[in-house]
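Down below is the structure, laid out as structure tokens.
The values are calculated or read from the model by the stated rules, or taken from the named source; none is laboratory data. Since we're looking at a predicted model, the values are computed, not measured. As a convention, Cβ positions derive from the backbone with ideal geometry for all residues, glycine included, and neighbour counts pool all protein chains shown.
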Amino acid sequence: MKRAIQILAFIAVVTAFQACTSTREVKRVSPDQQFDLSGRWNDADAKMTADAMIEQVLGEAWLNEYMEKHEGKKPVVVVGIVANKTSEHISSEAFIKDIERAFLKDRRVRLTQAGEKREQLRGERADQQDYASPETVKKWGRELGADFILQGAINSTVDEYKKDKVVNYKINLELTNLETNEIVWIGDKEIKKLISD
């Protein structure tokens, strides 16, 4: 009996050890490659959407109208909140960075900081007033004021039946004149995914 318990204990230890060893393999891949393992919103969706939305917003009449009215001056845009209204965890900050990157790459508008980063810059400027040499202190009241703010939301709807699921993401963005509150552009982009097991 004692021998049988020892054999069972040995088998249990070996089985537990084998269960702990993994056959997982990790490979480095190009950041340009697209993967969609789960069917949820991912980095490829964010980049594709940001590029499409920037193409839309910069292709509309508001940009030429502004530049004509202001003698060719580029408008200054601040990217505000893009709210995640889906049931998934989506990094709005990463999506906003994709939008800002696309604006900067295009170069038809100027971009200014928003939110927490703007507050951090103001904090640094305040510290300089006390701690930096007088010839290098950055002055107050020299920030670039934005002409327009870009804001929006990411929404999704899910339709499921048995093991199949369709997820439809709809991203809506609005560009608003900060002085007049006039909405000068509204755009959207949809991404639909069929997920089957």
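Residue-by-condition table, conditions (1) assigned to a loop (DSSP other than H, G, I, E, B); (2) in contact (Cβ under 8 Å) with a residue 40 or more places away in the chain; (3) within 30 Å of Ser38 (Cα to Cα):
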{"residue": "Arg142", "(1), (2), (3)": "yes, no, no"}
{"residue": "Lys165", "(1), (2), (3)": "no, yes, yes"}
{"residue": "Lys170", "(1), (2), (3)": "no, no, yes"}
{"residue": "Asn181", "(1), (2), (3)": "yes, no, no"}
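Taking segment 157-175 on its own, how many of its residues are out of contact with any Asp or Glu (no Cβ under 7 Å at 6 or more places or on another chain) and surrounded by 16 or more Cβ atoms within 10 Å (Cβ to Cβ)? Summing the residues that are out of contact with any Asp or Glu (no Cβ under 7 Å at 6 or more places or on another chain) and surrounded by 16 or more Cβ atoms within 10 Å (Cβ to Cβ) in segment 157-175 gives 4. Checking the structure you have, find out if any residue of segment 141-149 is touching an Asp or Glu at 6+ places or on another chain (Cβ under 7 Å) and under 18 Å from Ala83 (Cβ atoms). No, segment 141-149 contains no residue that is touching an Asp or Glu at 6+ places or on another chain (Cβ under 7 Å) and under 18 Å from Ala83 (Cβ atoms).
Against the condition farther than 26 Å from Thr180 by Cα and outside any loop (DSSP other than H, G, I, E, B), how does Arg125 come out, does it pass?
Spelling it out, Arg125 is indeed farther than 26 Å from Thr180 by Cα and outside any loop (DSSP other than H, G, I, E, B).
Residue under question is Arg125, and the condition is that it be over 29 Å from Asn42 (Cβ atoms), within 21 Å of the chain's Cα centre (by Cα) and at pLDDT 90 or above; does it hold?
Details: over 29 Å from Asn42 (Cβ atoms): yes; within 21 Å of the chain's Cα centre (by Cα): no; at pLDDT 90 or above: yes.
Answer is no for this residue.
Here the condition is being surrounded by 13 or more Cβ atoms within 10 Å (Cβ to Cβ), modelled with pLDDT under 90 and of a type in the set (Lys, Arg); of Lys47, Lys74, it holds for Lys47 alone. Residues that are under 27 Å from Asp164 (Cβ atoms) and not in a helix (DSSP H, G or I) are absent from segment 56-69 altogether. Regarding Ala83, is this residue of a type outside the set (Lys, Arg) and modelled with pLDDT under 90? No: the conditions fail for Ala83. Within segment 22-39, is even one residue under 25 Å from Phe95 (Cβ atoms), surrounded by 10 or more Cβ atoms within 10 Å (Cβ to Cβ), modelled with pLDDT of 70 or more and not β-branched (Val, Ile, Thr)? Checked segment 22-39: at least one residue is under 25 Å from Phe95 (Cβ atoms), surrounded by 10 or more Cβ atoms within 10 Å (Cβ to Cβ), modelled with pLDDT of 70 or more and not β-branched (Val, Ile, Thr).
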